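Read the figures in this text as sums done on the coordinates, not as results from a lab. Not measured: the values here are computed from a predicted model. Here Cβ is always computed from backbone atoms with ideal geometry, including for glycine, and neighbour counts include all displayed protein chains.
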Amino acid sequence: MNATLTTCPYCGTGCNFYLLSDDRGRLSGVEPAAKHPVSRGQLCIKGWNAHAFVDHPKRLKTPLIRKNGKLQPTDWQTALDLLHDKLSEIAAKEGPDSLMFLSSAKVSNEENYLLMKLARAGYGTNNIDHCARLCHSSTVTGLVETLGSGAMTNSLSCFEETELVFVIGSNTTEQHPLIGSRILQAVQRGAKLLVADSRKIRLSRHADLHLRHQNGSDVALLNGMMWQILQDGLENRAFIAQRTENFSALQHSLKAFTPDYVARITGLQPGQIIAAARQFATSDRAMIVYAMGITQHSHGVDNVRAISNLALLTGNLGRPGTGINPLRGQNNVQGACDMGALPDVYSGYQKVSDPQIREKFSTAWSVKLPETPGRMSTHAIEAAAGGELHGMLVLGENPVISDANQALVRQALGKLEFLAVIDIFLTETAQLADLVLPAACYAERDGTFTSTERRVQRGRKVIEPPGDARADWQILVALLHRCGLKNDYTAPAEIMHEIASLTPSYGGIDYSRLEGDGLQWPCPDPAHPGSPILHLEECARGKGHFSPVDYRPPGELPDAEYPLLLNTGRTAFHWHTGSMTRRSHLLDREERHAFVEVNPEDAITYQISERQQLKISSRRGSIYAATRVTDRVPSGQIFIPFHFAEAAANVLTNNLLDPESGIPEFKVCAVRIEPC
Ligand SMILES: Nc1nc2c(c(=O)[nH]1)N[C@H]1C(S)=C(S)[C@@H](COP(=O)(O)OP(=O)(O)OC[C@H]3O[C@@H](n4cnc5c(=O)[nH]c(N)nc54)[C@H](O)[C@@H]3O)O[C@H]1N2
Ligand SMILES: Nc1nc2c(c(=O)[nH]1)N[C@H]1C(S)=C(S)[C@@H](COP(=O)(O)OP(=O)(O)OC[C@H]3O[C@@H](n4cnc5c(=O)[nH]c(N)nc54)[C@H](O)[C@@H]3O)O[C@H]1N2
Ligand code: SF4
Ligand SMILES: [Mo]
């Protein structure tokens with residue numbers, strides 16, 4: 001039996017564990033890593049089962065090419081030639097910007113870097129993006145504006161030093177279980193816990209105060225808390241004076257947000273808003289923790305600005321036990337952003353529109369680079385539906401199930417002249433492709449992954465990939481070769497040398513330094529120890545900028561025709577589109593069927609019983625799922641996880657986008673239900 005230390009392939013917490021393999025080269029299980037600073041000998045249920053999907057019989061084993069309407073096996077040479085020829089042909093005929101590249105938060109930093117290089121230097125377009133668009137794009141836009149960096153400001157170890165944790169729009173115990181347990185440990189130690197979430201999540205049972213405000217009303221809630229803090233004189237005047245700018249604009253903008261006004265918008269009692277404000281502002285060290293309940297709105301960036309304003313107003317930044325802590329979702333979504341799998345930046349958030357930066361990359365890669373920022377993934381779907389986009393390469397994403405408004409996504413992908421997908425399974429998106437390439441999974445290749453606390457860690461190859469499947473980086477190197485670009489990398493560590501040479505925040509990252517606990521960026525040079533906390537003496541942009549925001553309601557609220565609010569999200573056992581967890585037998589056994597949470601009062605109104613099939617409809621489509629009658633959801637709201645393709649929540653969701661970040665309004669749309 002061999003035990004190899006590696007990074008968990010699921011969430012951004014960044015746990016490490018040992019993958020156990022036998023001498024025949026097969027995985028047999030997972031063992032926790034006692035000494036690891038994040039997981040500390042523990043794992044959640046997905047971590048314990050992370051080996052289970054790897055040898056599933058449905059793993060893709062050969063390239064597939066569409067012939068006579070059917071996907072049929074082919075060899076790598078034919079597949080790679082076709083992929084390159086088609087992308088080049090479309091770029092020549094329709095222009096490079098008629099191509100779109102989707103990268104992946106499931107693949108390594110090195111692979112994200114290679115795909116962004118390929119899109120820009122190989123095919124001449126900045127049209128590259130990935131699932132951060134659906135996730136924390138609002139965070140990146142909002143926090144870059146207010147602080148100068150979109151990353152989590154503090155570290156997970158800070159939960160040991162904090163006096164108060166304010167969890168707003170994060171179901172932490174289910175979605176980041178090992179962070180959830182740190183929060184619970186903080187509570188046991190005596191820290192206060194505030195939870196703002198319309199659902200009764202597990203953390204709310206342990207909260208000093210649970211604010212069940214209306215989905216989409218966070219700006220009002222946060223502005224109301226800040227109004228009260230100013231009213232009581234509890235703002236941190238020294239911090240505001242020394243470290244921030246634009247305070248008077250903030251003061252002015254809060255005038256209307258009295259407790260009574262905010263109570264009317266949020267559905268809370270005025271006293272709850274006052275209590276939340278006082279508890280938060282009287283704690284010397286408070287951590288704000290947030291996730292998709294904040295970002296996935298047509299005003300997601302405004303929500304993030306409001307959070308940033310609250311932290312700056314109370315001086316909760318740049319010290320242990322404080323900070324603005326957006327929990328990154330996928331195991332490498334932080335890394336995919338860091339590597340520039342985004343339409344407007346190269347690696348390290350260096351802007352493509354900056355001539356000096358462009359020159360630097362152009363010189364390093366020996367090729368002229370496109371100047372205008374590319375399309376966001378959500379805009380690309382709209383462009384494809386409108387016939388403006390002709391070719392797409394999807395690496396490790398499943399937009400048919402994960403993007404908002406499935407009918408639009410299917411229409412968009414159907415219109416493409418050429419769609420290629422690189423995945424480990426034949427996903428719903430791959431089933432529509434003209435070409436499918438089989439990838440190695442996390443256990444079958446080396447690479448680095450960057451966790452939510454900016455910790456860059458090793459993923460290690462344990463076994464060989466199945467059949468003819470290849471590591472993503474090898475597939476991308478073959479395409480770089482066909483584009484005439486540097487392609488003599490023999491291992492991911494060599495790709496990291498190139499990344500470090502071009503990316504200031506990763507300047508000191510080298511495989512030789514990642515053997516222990518990894519390194520937290522910024523790590524600018526080989527002697528730098530890494531940075532557990534950002535914005536220490538000053539913010540990345542200099543002064544922390546107050547960005548006042550006004551309340552805007554969600555785009556589609558319940559009405560007479562569609563009287564209920566649909567909230568979508570996740571469960572503890574399944575991962576997104578289910579491609580991996582629904583192929584892990586223990587996880588599948590725990591949660592096999594799609595379900596919809598309905599409040600007991602609504603169950604009476606609609607005469608629905610437990611487990612009854614419901615037809616759920618929005619303006620965009622209908623699905624069927626079994627009822628769970630539960631007071632987890634408030635009356636007037638239903639909740640559906642988006643894991644189940646046969647009852648896909650995204651058939652219903654609204655593709656209305658935040659105008660700045662391009663994120664869809666996944667957390668609010670109007671639906672109706674009918675028993676059947
Ligand atoms: N088991 C599991 N873990 C996961 C994932 C998974 O698929 N499965 N996915 C990973 C990824 S990529 C991500 S991004 C994270 C997501 O992690 P989370 O954001 O924690 O998960 P969600 O279920 O999307 O939503 C969190 C909470 O937001 C609340 N909410 C909805 N609307 C609002 C609102 O308007 N305001 C407020 N304050 N709250 C609201 C919901 O009721 C829900 O409880 O999880 C990661 N971890
Ligand atoms: N309604 C609703 N929709 C949502 C959300 C929501 O809260 N509500 N949340 C959104 C969020 S936050 C996110 S992050 C997105 C996630 O959306 P996606 O990223 O599209 O979802 P995943 O299922 O994680 O897709 C990852 C794909 O990568 C494949 N894969 C795994 N490992 C590898 C590998 O090593 N190489 C390759 N090539 N492929 C691999 C998997 O099989 C899977 O098909 O969903 C979004 N959609
Ligand atoms: S908390 Fe996240 S990283 Fe840790 S074991 Fe669970 S899924 Fe993996
Ligand atoms: Mo996410």
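Hey, if you put +1 on the Cβ of every Lys and Arg and -1 on every Asp and Glu Cβ in region 521-676, which of GLY555, THR581, VAL596 ends up farthest toward the positive end of that dipole?
Projecting each Cα onto the dipole axis, the largest value belongs to THR581.
Using Cα centres only, tell me the gap between region 14-46 and region 568-591 in whole Å.
19
How about LYS46: which lysines have a C-alpha closer than 18 Å to its C-alpha, ignoring those fewer than 8 places off in the same chain?
Hits, sequence-local ones excluded: LYS106.
Run through the DSSP bridge list for the chain and note the antiparallel percent, rounded to the nearest 5.
Working: 43 of 87 bridges.
Bridges in the chain are about 50 percent antiparallel.
Mind running the shape call on region 229-284? Use the C-alpha gyration tensor, a ≥ b ≥ c as the square roots of the eigenvalues: rounded below 1.5 for a/c, prolate if a/b tops b/c, oblate otherwise.
Working: a/c = 3.20, a/b = 1.53, b/c = 2.09.
Taking the square roots of the gyration eigenvalues as a ≥ b ≥ c, region 229-284 is oblate.
So what are the radius of gyration and Dmax for the Cα set of the chain, in Å?
When restricted to the Cα atoms of the chain, Rg and Dmax are 24.0, 72 Å.
Sort 278-284, 600-606 by packing, meaning the average of other beta carbons within 10 Å per residue, with the highest value first.
Ranking, from highest mean packing down: 278-284, 600-606.
Enumerate the residues in region 244-260 having an amide nitrogen under 17 Å from the point lying 7 Å beyond the Cα of GLN231 toward its Cβ.
251-260
Between GLU428 and residues 5 or more places away or on another chain, which pairs have amide H atoms under 5 Å apart, with H built 1.01 Å from N, and which residues are they?
Under 5 Å from the amide H of GLU428 lies no amide H from a residue far enough along the sequence or on another chain.
Roughly speaking, what is the stretch gain from GLN269 to ARG189, that is 0.36 nm per residue apart minus the C-alpha to C-alpha distance, in nm to one decimal? Write out the running numbers ahead of the final one.
Values: separation 80, 0.36 × 80 = 28.80 nm, distance 2.90 nm.
Gain on extension, GLN269 to ARG189, equals 25.9 nm.
Return the sequence-ordered ³J(HN,Hα) values of region 643-653 in whole Hz as given by the Karplus equation 6.51 cos²θ - 1.76 cosθ + 1.60 applied to θ = phi - 60°, using x for Gly and Pro.
Here the 3J(HN,Hα) series is 7, 10, 4, 6, 9, 6, 4, 7, 5, 8, 5 Hz.
Counting only other residues whose beta carbon sits under 11 Å from that of ASN654, what net charge do I get with K and R as +1, D and E as -1? Don't skip to the end; give the middle numbers.
Details: positive: ARG619, ARG620, LYS667; negative: GLU556, GLU665.
So the surrounding residues net to +1.
Sequence-distant or interchain residues sharing an amide H contact under 5 Å with GLN520, placed H: which?
The answer is VAL456, SER531.
With axes computed from alpha carbons, what is the tilt in degrees of helix 270-281 against the longest principal axis of the chain, rounded to the nearest 10 within 0 to 90?
Tilt relative to the chain: about 70 degrees.
Collect residues whose amide H, placed 1.01 Å from N in the peptide plane, falls under 5 Å from the amide H of ASP446; neighbours closer than 5 in sequence don't count.
LYS461
Contour minus end-to-end for LYS67 and GLU660, with contour as 0.36 nm per residue of separation and end-to-end as the Cα-Cα distance?
Working: separation 593, 0.36 × 593 = 213.48 nm, distance 4.10 nm.
Fully extending the segment from LYS67 to GLU660 adds 209.4 nm.
Using per-residue counts of other Cβ atoms within 10 Å, averaged over each peptide, order 530-542, 335-347, 206-218, 88-100 from highest down. If you can, show how the numbers build up before the last one.
Details: 530-542: 16.6, 335-347: 26.9, 206-218: 20.5, 88-100: 18.2.
Order by mean packing, descending: 335-347, 206-218, 88-100, 530-542.
Once you have a ≥ b ≥ c as the square roots of the Cα gyration tensor eigenvalues for region 153-327, tell me rounded if a/c is under 1.5, and otherwise prolate or oblate according to whether a/b is larger than b/c. Present the calculation step by step, with values, prior to reporting the outcome.
Values: a/c = 1.55, a/b = 1.18, b/c = 1.31.
It is oblate, given that a/c is not under 1.5 and a/b is not larger than b/c.
With +1 assigned to the C-beta of every Lys and Arg and -1 to the C-beta of every Asp and Glu, and no other charges, what is the dipole magnitude of region 567-676 about the Cα centre in debye, to the nearest 20? Mind showing how you got there, number by number?
On the way: 13 positive and 13 negative charges, 66 e Å.
That gives a dipole near 320 debye.
Can you tell me which of 171-177, 588-594 comes out highest on packing, and rank the rest after it, using the mean Cβ neighbours within 10 Å? Each step should come with its number before you reach the end.
On the way: 171-177: 22.4, 588-594: 14.4.
Highest to lowest by the protection proxy: 171-177, 588-594.
Rounded, prolate or oblate: which one fits region 527-641, using the alpha carbon gyration tensor with axes a ≥ b ≥ c (rounded when a/c is under 1.5, else prolate when a/b beats b/c, else oblate)? Intermediate results must be reported in sequence, preceding the final value.
Working: a/c = 3.05, a/b = 1.54, b/c = 1.97.
It comes out oblate by the Cα gyration axes.
Between 0 and 90 degrees, rounded to the nearest ten: what's the tilt of helix 406-415 against the longest Cα principal axis of the chain?
Relative to the chain, helix 406-415 is tipped by roughly 30 degrees.
Placing +1 at every Lys and Arg Cβ and -1 at every Asp and Glu Cβ, with all other atoms neutral, what dipole size does the chain have around its Cα centre, in debye to the nearest 20? Show your work: numbers first, answer last.
Working: 67 positive and 72 negative charges, 174 e Å.
The dipole magnitude comes to about 840 debye.
HN-Hα J couplings of region 363-373 from phi, Karplus 6.51/-1.76/1.60, θ = phi - 60°, integer Hz, Gly and Pro as x?
With the stated coefficients, region 363-373 comes to 5, 5, 9, 6, 7, 6, 10, x, 9, 7, x Hz.
Could you give the angle, 0 to 90 degrees to the nearest 10, between helix 218-231's Cα long axis and the longest principal axis of the Cα atoms of the chain?
40
Mind checking the full-extension length gain between MET1 and ASP260? Use 0.36 nm per residue of separation minus the Cα-Cα distance, one decimal, nm. Don't jump to the answer; show the numbers that get you there.
Details: separation 259, 0.36 × 259 = 93.24 nm, distance 6.44 nm.
Gain on extension, MET1 to ASP260, equals 86.8 nm.
So which GluC sites (Glu not before Pro) in region 607-676 end up in coil per DSSP with only 13 or fewer other C-beta atoms within 10 Å?
On the way: sites: GLU610, GLU646, GLU660, GLU665; in loops: GLU610, GLU660.
Loop-located and lightly packed - GLU610.
With a sphere of radius 14 Å drawn around the Cβ of GLY459, what net charge do the other residues whose Cβ falls strictly inside it have (Lys, Arg +1; Asp, Glu -1)?
Details: positive: LYS106, ARG445, ARG455, ARG458, ARG460, LYS461; negative: GLU110, GLU111, GLU444, ASP446, ASP472, GLU515.
Summing Lys and Arg as +1 and Asp and Glu as -1 gives 0.
Taking LYS35 as the anchor, which aspartates and glutamates have their alpha carbon closer than 14 Å to its alpha carbon, excluding any fewer than eight residues away along the same chain?
GLU515, ASP517
So what's the net charge close to ASP22: Lys and Arg +1, Asp and Glu -1, counting the other residues with Cβ under 15 Å from its Cβ? Spell out each step's value before the answer.
Details: positive: ARG24, ARG26; negative: ASP23, GLU31, ASP55, GLU464.
Residues near ASP22 contribute -2 overall.
When only Cα pairs under 8 Å and 6 or more residues apart are kept, what is the percent relative contact order across the chain?
Result for the chain is 20 percent.
Students often get this wrong, so check it: of LYS93/LYS368; LYS61/LYS117; LYS615/LYS667, which have C-alpha atoms separated by over 24 Å? Display every interim value, and only then the final one.
On the way: LYS93/LYS368 19 Å; LYS61/LYS117 27 Å; LYS615/LYS667 19 Å.
Violating the 24 Å Cα-Cα cut-off are LYS61/LYS117.
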